[in-house]
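Colleague: Right, I'll just put the structure down here and ask away after.
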Amino acid sequence: MKQYPTPWRQVFALTPHIWERTRYSVRTFTEQSLPCLKPDPQIEGLENLPESPAFILAPNHYQRPGLWILHPCSVITVALQRHYNLPDPPIRWVVTANWPPIRLGPWQIPSPGDWLLPRVAHALHCYPVSFAGTNPALTARSYRTLLKDAKFLDRPLGIFPEGVAGTAFQMAPPLPGVERLFVTLANLGLPVVPCGMHETDRLVVRFGPPIEPAEIQAAPNAAELIMARIRTQVAPSAPAA
């Protein structure tokens, strides 16, 4: 499968912002990361996007060796920025911002990622959350901030329902608790736009029709509903959970 280079110049540009806990331009970061994706990604379904950019974007977590999740996130971010002429940051992403602890025989020490990744998330205007159960305080703080911001949302909010469990080879079930988050956001009047990603000779990103708040509120399980709609935007030959 095609290997896409890491945009190291942009990664290194984050360094002073990580140390100083300042923000970096998401628009610059993503636009200057796109040249790593050749041939150019294929964007489909822009006609399905709602008139207002105030919505929840729900893509499958499409990552594999040689295709870092940064690549599809950059493609989506730039596509939506150009479509809506969004201010910076064009999207506020929810990201996993810790690593499992390091085990040395009978000892266990915290991962350096517990310090680094929340700072990276802050620099790129993201909401950091932890692996399930590993740092509930971090996740709770981020969700409180997210829900406060969502009341005045003027750009997409990106959430991967699978978390980091999904890959390019196999979609995963939605994370525990994400169903309640989607319903809470629907109660604020925010629709969900499903987004399916797969590869042919290039990366393909397809936006589906919005799922309106009333349908999310009425669903027996909102997260399962959203995952099902994401699957309809993925190529029929792509694996699904």
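Colleague: Provide the percentage of antiparallel DSSP beta bridges, counting only those with both residues in the chain; round to the nearest 5.
Modeller: 40
Colleague: Using modelled backbone amide H atoms (1.01 Å from N, in-plane), which distant-in-sequence or interchain residues come within less than 5 Å of L203's amide H?
Modeller: Q42
Colleague: In addition: Need the C-alpha centroid separation for segment 153-191 versus segment 1-43, integer Å.
Modeller: Result: 23 Å between the Cα centres.
Colleague: For Rg and Dmax of the Cα atoms in Å, several values are listed as (1) 17.3, 56; (2) 16.9, 51; (3) 17.3, 59; flag the one computed from this structure.
Modeller: Recomputing Rg and Dmax of the Cα atoms in Å here gives the entry labelled (1).
Colleague: What FRET efficiency would be calculated for the residue pair R64, W99, taking the C-beta separation as r and a Förster radius of 22 Å, to the nearest 0.05?
Modeller: Efficiency at R0 = 22 Å is approximately 0.70.
Colleague: Let me ask something else about it. Kindly work out what percent of the DSSP beta bridges joining two residues of segment 78-197 are antiparallel, to the nearest 5.
Modeller: So the antiparallel bridges in segment 78-197 amount to around 40 percent.
Colleague: Still on this model: Tell me the GluC sites (Glu not before Pro) within segment 1-51 that lie in a loop according to DSSP and have at most 12 other beta-carbon atoms within 10 Å.
Modeller: Answer by residue number: E51.
Colleague: Another question, if that's okay. Can you put S33, S130 in order, fewest other beta carbons within 10 Å first?
Modeller: Sorted ascending by nearby Cβ count, the order is S130, S33.
Colleague: DSSP loop (so not H, G, I, E, B), at most 13 other Cβ within 10 Å: list which trypsin sites (Lys or Arg not before Pro) in segment 154-207 pass both filters.
Modeller: Counting only loop positions with at most 13 other Cβ atoms within 10 Å, the trypsin sites (Lys or Arg not before Pro) in segment 154-207 are R202.
Colleague: Quick check: pseudo-label points 7 Å beyond the Cα along Cα→Cβ at L138 and W19, how many nm apart are they?
Modeller: In this crude label model, L138 to W19 measures out at 2.2 nm.
Colleague: Charges on Cβ only, +1 for Lys and Arg, -1 for Asp and Glu, centred on the Cα centroid of segment 22-149; of L86, N98, L124, which one is farthest towards the dipole's positive end?
Modeller: Farthest along the dipole direction, towards plus: N98.
Colleague: Relative to the present Cα-Cα distance, how much length would full extension add between Q42 and T232 at 0.36 nm per residue of separation?
Modeller: 66.7 nm
No lab work stands behind these numbers, since they all come straight from the coordinates. The structure presented is a predicted model; accordingly, all values stated were derived computationally and were not measured. Neighbour counts run over all protein chains shown; Cβ positions are idealised from the backbone, glycine included.
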